[in-house]
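Beneath this line is the structure, given in structure tokens, with notes to follow.
The values are calculated or read from the model by the stated rules, or taken from the named source; none is laboratory data. Treat the numbers as computed from the prediction; the structure is a model and nothing was measured. Neighbour counts are summed over all protein chains in view; Cβ atoms, including those assigned to glycine, are modelled from backbone coordinates with ideal geometry. Surface areas here come from the heavy atoms of the whole protein model, side chains and all, with no ligands, DNA or RNA. Shrake-Rupley method; radii C 1.70, N 1.55, O 1.52, S 1.80 Å.
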Amino acid sequence: MAEKPIHTPGSGCRTVEECQDMIRRSLRTSKVKFLKEYLEKAGCGVGDNFIKAVNCDKNISGGYVRGEGIIVCSNQMNIQDEVNQVVIHELIHAYDDCRAANLDWANCAHHACSEIRAGHLSGDCHYKRELLRGYVKIKGHEQECVRRRAMKSVIANPYCSEAAAKDAMEAVWDVCYNDTKPFDRAP
């Protein structure tokens, strides 16, 4: 699940229809096209209804659910860049789910690995995005951001206590942070 940026207090200002239009624009971006292509190469096609805009009850930006697809929380979106980031982040989860036949989202290590990869490869932790969230750090900001955001998501997993999430993150960090597939290197 994607963490909500802190620079947008309260709820977003997009209707489901506006957000669906933003998703359509997102589908034309190079990174989204690339991820969709690799999902198809891995045997998991992305149909027209795979990414949907919905109103969300929780303070999250979106999510991926196996067998159902990706949701983007329209009531949490304000600008196109936010929609693009959610779509990219969740497509990385979908790719992980597709390529790993035994991925178990109830397994804290599996979930942590996919969150680490999505945070690192999506651009969620770009320096400018971190500044907008109110995090100012010159050195080491990207890895710290990936850790923070991945922990927040894994702790939200009902199967993972905070201690289990922390242990899982430490156990898989090196392998998962350095796994850049389907990219040649971290974008």
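Values computed for the structure shown
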{"read-out": "Probe 1.4 Å, accessible area per residue of the chain, Å²", "value": "51"}
{"read-out": "Of all DSSP beta bridges in the chain, antiparallel share, percent nearest 5", "value": "55"}
{"read-out": "Per-residue ³J(HN,Hα) for the range 153-163, Karplus 6.51 cos²θ - 1.76 cosθ + 1.60, θ = phi - 60°, Hz, x for Gly and Pro", "value": "5, 5, 5, 6, 6, x, 8, 10, 6, 4, 5"}
{"read-out": "Other-chain or far-sequence residues with amide H under 5 Å of Asn55's (modelled H)", "value": "Ser74"}
{"read-out": "Spread of Cα-to-Cα distances over 5 Å intervals beginning at zero, given as percent, for the chain", "value": "1, 8, 17, 21, 22, 18, 9, 3, 0"}
{"read-out": "Trypsin sites (Lys or Arg not before Pro) restricted to DSSP loop in the range 28-83 with at most 15 other C-beta within 10 Å", "value": "Arg28, Lys58, Arg66"}
{"read-out": "Three semi-axes of the equivalent ellipsoid, the range 10-57, Cα gyration tensor, whole Å, largest first", "value": "25, 12, 9"}
{"read-out": "Tail fraction, Cα-Cα pairs, the range 45-130, threshold 19 Å, whole percent", "value": "39"}
{"read-out": "Residue-averaged 222 nm ellipticity for the chain, from DSSP H runs of 4+ at -39500 (n - 2.57), nearest 500", "value": "-16500 deg cm²/dmol"}
{"read-out": "Rh (Kirkwood; distinct C-alpha pairs) - the range 147-187, Å", "value": "11.1"}
{"read-out": "Among Tyr177, Tyr159, Tyr38: highest mean-square fluctuation, GNM of the chain, C-alpha pairs under 10 Å", "value": "Tyr159"}
{"read-out": "Pairs from Lys31/Lys181; Lys58/Lys152; Lys33/Lys58; Lys152/Lys181 whose Cα-Cα separation, in the structure shown, is over 18 Å", "value": "Lys33/Lys58; Lys152/Lys181"}
{"read-out": "Accessible surface of the chain [probe 1.4 Å, protein heavy atoms]: carbon and sulfur percent", "value": "54"}
